[in-house]
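The values are calculated or read from the model by the stated rules, or taken from the named source; none is laboratory data. Quick caveat, the model's predicted, so the values are computed rather than measured. All Cβ positions, even for glycine, are placed from backbone atoms using ideal geometry, and neighbour counts span all protein chains on display. To get the accessible areas, we keep the full protein, side chains included, count just its heavy atoms, and leave off ligands, DNA and RNA. Shrake-Rupley method; radii C 1.70, N 1.55, O 1.52, S 1.80 Å.
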Amino acid sequence: MATLNDFLFVSGLLFAIGLAGVMIRRNIIVIFMCLELMLAAANITLVAFSRHHMSGGLPDYDGQVLVFFIITVAAAEVAVGLAIIVALY
């Protein structure tokens, strides 16, 4: 069974890869993909902490609800960002 530290390690690794991609790459599509990777790392962290924090014998689902909002905002960001890129090119 995976522990909280395993999930946090994977999340930190994904975030570091995404941050390095944003800082190093110049292609706007790759930068968008790296930003999505960073958001996925934040989502993994939220779900891991949500599953780890028990409240009355059940997991606390507040973090998982927040993940749905993050996914929605990320989808809107990608749609608007790609529309701007297509309009510029």
Just checking, how many residues over segment 9-34 are open to solvent by 60 Å² or more (accessible area, probe 1.4 Å) and of a type outside the set (Phe, Trp, Tyr)?
12
Which number in (1) within 11 Å of the chain's Cα centre (by Cα); (2) open to solvent by less than 50 Å² (accessible area, probe 1.4 Å); (3) not aromatic (Phe, Trp, Tyr) marks the one condition that LEU39 misses?
(2)
Among the numbered criteria (1) open to solvent by less than 80 Å² (accessible area, probe 1.4 Å); (2) over 16 Å from GLU77 (Cβ atoms); (3) touching a Leu at 6+ places or on another chain (Cβ under 9 Å), which one does GLY57 miss?
(3)
For segment 23-33, indicate whether the set of residues that are in contact with a Leu (Cβ under 7 Å, 6 or more places away or on another chain) and at pLDDT 95 or above is non-empty.
no
For GLY81, state whether it is closer than 26 Å to THR3 by Cβ, open to solvent by less than 50 Å² (accessible area, probe 1.4 Å), in contact with a helix residue (DSSP H, G or I) (Cβ under 6 Å, 6 or more places away or on another chain) and of a type in the set (Gly, Ala, Ser).
no
Please state which of the following conditions PHE69 fails to meet, knowing it meets all the rest: (1) of a type in the set (A, V, I, L, M, F, W, C); (2) at pLDDT 90 or above; (3) open to solvent by 80 Å² or more (accessible area, probe 1.4 Å); (4) within 22 Å of ALA2 (Cβ to Cβ).
(4)
